[in-house]
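Worksheet: the structure to be examined is printed underneath.
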Amino acid sequence: MDLPAILGQRNVQQAAGLLRSYYTRKLTSGHVRTGASFDTWAGGGDAPDTVNRLTADDLVAVTLLGEDIKGPAALGLLGTYAAPVAELLEQIPADLDMADVPPQDYIRVYGRNSAAWQLWDVVRGYAGGQWRMGAAKTSKLLARKRPRLIPIWDPVLARAADLDTSLTYWEEWHRLLTADDGALVRRLGSVQDAADLPVRISALRAMDVILWMDAKQRSY
């Protein structure tokens with residue numbers, strides 16, 4: 001996976017424009033897009049009082065990104081599996097950025113035996129739940145709870161970044177974000193500075209929005 005052009009040094013101002021548009025431009029409805037509220041809805045998924053538990057507001061936040069959470073998944077995640085989800089969230093740092101995970105710690109934080117991977121399996125329904133949560137819905141819910149550590153996956157982003165599978169996208173983004181002593185993270189900070197958003201968002205969320213907006217723009 002190569003760095004998408006829109007995230008390159010020459011495109012900081014263009015990326016800032018896309019980011020600003022996503023969060024501030026009003027659509028034909030007269031409102032900004034619902035996804036602009038994903039990060040802050042009900043105080044955010046990593047708010048101190050809810051950081052280690054899944055709430056109905058987290059499911060609502062995912063719907064703001066255009067996803068439909070089915071009843072069986074909602075009941076399972078908020079009911080039957082609420083305790084296992086909370087136990088796993090407690091093991092996943094809320095104050096750690098993907099770019100700050102050193103290569104030697106990658107397996108511990110993101111590997112198949114990590115709490116993050118186990119939570120992915122629970123949310124998808126692989127760990128006993130009788131529901132179907134695809135990779136896009138699962139990644140958005142995990143990104144809601146750990147916006148600094150878990151990036152979003154969806155078909156639009158996958159095409160924009162030339163990602164083949166959700167099974168390896170954590171690894172691929174980690175490689176890019178830690179390359180050149182964190183140059184991409186610093187650039188994303190510069191993009192946010194130039195965009196002058198109403199609220200500061202994580203580097204991962206900024207990256208997600210820029211790629212999504214650029215891909216949508218190119219499709220018109």
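Which condition does ASP196 not pass, out of (1) on the phi > 0 side of the Ramachandran plot; (2) open to solvent by less than 30 Å² (accessible area, probe 1.4 Å), if it passes all the others? Condition not satisfied by ASP196: (2). Apart from one condition, SER114 fits all of (1) among the polar types (S, T, N, Q); (2) open to solvent by less than 40 Å² (accessible area, probe 1.4 Å); (3) under 24 Å from ALA215 (Cβ atoms); the exception is (3).
Here the condition is being part of a helix (DSSP H, G or I), modelled with pLDDT of 95 or more and out of contact with any Cys (no Cβ under 6 Å at 6 or more places or on another chain); of GLY45, GLY17, it holds for GLY17 alone. Kindly provide the set of residues from segment 20-41 that are in a helix (DSSP H, G or I) and farther than 17 Å from ARG218 by Cβ, ordered by number. Matches in segment 20-41: ARG20, TYR23, THR24, THR34, GLY35, ALA36, SER37, TRP41.
Going by the conditions given, is ALA94 surrounded by 19 or more Cβ atoms within 10 Å (Cβ to Cβ), closer than 18 Å to SER202 by Cα and not charged (D, E, K, R)? Judged against the criteria, ALA94 is not a match. Is one or more of the residues making up segment 98-108 closer than 30 Å to GLN217 by Cβ and touching a residue at least 12 places away in the same chain (Cβ under 8 Å)? For segment 98-108, residues closer than 30 Å to GLN217 by Cβ and touching a residue at least 12 places away in the same chain (Cβ under 8 Å): present. Of the residues making up segment 105-134, those that are at pLDDT below 95 and of a type in the set (A, V, I, L, M) number 2.
Scanning segment 1-11 for residues being surrounded by fewer than 18 Cβ atoms within 10 Å (Cβ to Cβ) and of a type outside the set (Gly, Ala, Ser) gives a total of 5. When the residues of segment 12-50 are narrowed to those that are of a type in the set (Lys, Arg) and out of contact with any helix residue (DSSP H, G or I) (no Cβ under 7 Å at 6 or more places or on another chain), which ends up surrounded by the fewest Cβ atoms within 10 Å (Cβ to Cβ)? The residue in question is LYS26. Residue count for segment 51-75 under the criterion of being part of a loop (DSSP other than H, G, I, E, B) and open to solvent by less than 50 Å² (accessible area, probe 1.4 Å): the result is 7. The residue list LEU78, LEU89 contains one member that is open to solvent by less than 40 Å² (accessible area, probe 1.4 Å) and either part of a helix (DSSP H, G or I) or out of contact with any Gly (no Cβ under 8 Å at 6 or more places or on another chain) (or both), which is LEU89. Residues that are basic (Lys, Arg) and either surrounded by 17 or more Cβ atoms within 10 Å (Cβ to Cβ) or touching an Asp or Glu at 6+ places or on another chain (Cβ under 7 Å) (or both) were ranked within segment 129-182; the one that is farthest from VAL62 (Cα to Cα) is ARG148.
The values are calculated or read from the model by the stated rules, or taken from the named source; none is laboratory data. It should be emphasised that the depicted structure is a prediction, and the values quoted were computed from it without experimental measurement. Reconstructed Cβ throughout: ideal geometry from the backbone, glycine too, with neighbour counts over all protein chains shown. Please note that ligands, DNA and RNA were not included when accessible areas were found on the heavy atoms of the full protein model with its side chains. Shrake-Rupley method; radii C 1.70, N 1.55, O 1.52, S 1.80 Å.
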